[in-house]
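Read the structure below first, then the notes.
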Amino acid sequence: RTALYPGLVALESDDRWIRDLQGVKVWARVEAQGLGKATVVDTDDLLFAKYGVSGFTILNLSARIVRHLREEGPLSLLVSLLPDKSAEEVGELLQTRWQRHPHRELGLSLAGLLHAKVARVLLARAGLEASALVAGVSKRQRRELAALITALPIRVTGPRNFDYAEVTIGGIRTDEIDPHTLQSYVAPGLYFAGEMVDVHGDLGGYNFQWAWSSGFVAGGQVATR
């Protein structure tokens with residue numbers, strides 16, 4: 001069998017600023033960095049928590065990166081808080097807003113674009129005061145803020161443990177099982193189903209369906225012996 005890992009699970013981070021966003025949920029595009037040529041990306045709900053990040057997008061991503069986290073160490077996630085816009089487009093959007101209301105405070109100027117707590121954290125990370133007026137923001141600072149909005153880095157150190165996982169990743173290798181009967185090639189007469197096998201899917205009922213379908217096939221084979 002293969003090694004076993006928790007799957008569809010929240011990820012832990014040692015970035016201290018995340019604690020300030022505990023309980024905040026946003027719609028985001030998340031991309032995992034440091035995996036070579038592989039592109040691992042998902043867009044869905046992201047939830048900030050005291051231990052790190054969770055939400056549908058993180059759970060789905062976790063299944064693709066948990067092996068790397070356990071075997072090779074931390075990864076960086078890049079989070080876009082406005083998934084349908086590039087950094088350049090966000091910069092132009094900010095410029096337009098700020099030109100209309102040059103005497104508005106920075107924190108208020110982001111209302112409607114970002115959650116208020118998220119806005120405060122991003123401004124702080126960009127070295128800007130939420131109470132400062134938008135008229136005092138330089139072009140460089142605007143670009144830096146736009147870059148954070150579209151590519152906010154989060155360092156994840158590993159998955160939460162099996163107690164918090166939706167599925168188990170790993171198990172009996174699929175090349176050791178007859179795909180039609182789910183009987184073991186190694187130990188004839190032995191059948192496998194569900195999470196015993198190295199098969200997993202995204203959120204959405206796929207893992208339940210695999211458990212039910214594989215159980216039906218394996219059980220039917222045993223009943224006819």
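Couplings 3J(HN,Hα) for the stretch 197-205, derived from phi with the Karplus relation 6.51 cos²θ - 1.76 cosθ + 1.60 (θ = phi - 60°), are 9, 6, 9, 8, x, 6, 4, x, x Hz, where x marks Gly and Pro. Which aspartates and glutamates have a Cα less than 17 Å from the Cα of Lys139, not counting those fewer than 8 places away in the same chain? Result set, ordered by chain and number: Glu88, Glu89, Glu92, Glu105, Glu129.
D for the chain, whole µm²/s, Stokes-Einstein with Kirkwood Rh over alpha-carbon pairs at 4 °C and 1.567 mPa s: what number? Answer from the Stokes-Einstein relation: 65 µm²/s.
Against the chain, whose longest principal axis comes from its Cα atoms, helix 206-223 is set at around 0 degrees. For the chain, the relative contact order comes to 26 percent (Cα pairs under 8 Å, sequence separation of at least 6). Helix 56-71 and the longest principal axis of the C-alpha atoms of the chain enclose an angle of approximately 70°. For Asp15, nonlocal amide neighbours, meaning residues 5 or more places apart or on other chains whose placed amide H falls under 5 Å from its own, are Arg155. Placing unit charges on the Cβ atoms of the charged side chains and taking the dipole of the chain about its Cα centre, the candidate lying farthest along the positive direction among His200, Leu128, Pro188 is Leu128.
Scalar couplings 3J(HN,Hα) for the stretch 30-39, obtained by applying the Karplus form with A = 6.51, B = -1.76, C = 1.60 to θ = phi - 60°, are 10, 10, 8, 9, x, 10, x, 7, 5, 10 Hz; x denotes Gly and Pro.
Once every DSSP H run of n ≥ 4 in the chain is given -39500 (n - 2.57) and the sum is divided by its residues, what mean residue ellipticity at 222 nm do you get, rounded to the nearest 500 deg cm²/dmol?
-10500 deg cm²/dmol
Checking the Cα-Cα distances for Lys25/Lys117; Lys50/Lys117; Lys37/Lys85 against a 20 Å cut-off, the pairs over it are Lys37/Lys85. Residue-wise HN-Hα couplings along the stretch 12-22, as the Karplus relation 6.51 cos²θ - 1.76 cosθ + 1.60 with θ = phi - 60° gives them from phi, are 8, 9, 9, 6, 5, 5, 4, 4, 6, 10, 3 Hz; Gly and Pro carry x. Put simply, when 149-156, 57-64, 185-192 are sorted by average Cβ atoms within 10 angstrom per residue, most first, you get 57-64, 149-156, 185-192. Answer rounded, prolate or oblate for the stretch 171-223, using the Cα gyration tensor with square roots of eigenvalues a ≥ b ≥ c: rounded when a/c is under 1.5, else prolate when a/b is larger than b/c, else oblate. Here the stretch 171-223 falls in the oblate category. Normalising the average separation of contacting C-alpha pairs (under 8 angstrom, six or more residues apart) by the number of residues puts the relative contact order of the stretch 171-223 at 35 percent.
Going by neighbour counts of Cβ atoms within 10 Å, the residues Tyr164, Tyr51 line up, fewest first, as Tyr164, Tyr51.
All of the numbers you see were taken from the coordinates with simple rules; none came from a lab. Nothing here was measured: the structure is a model prediction, and the numbers come from that model. Backbone-built Cβ (ideal geometry, glycine too); neighbour counts: all protein chains shown.
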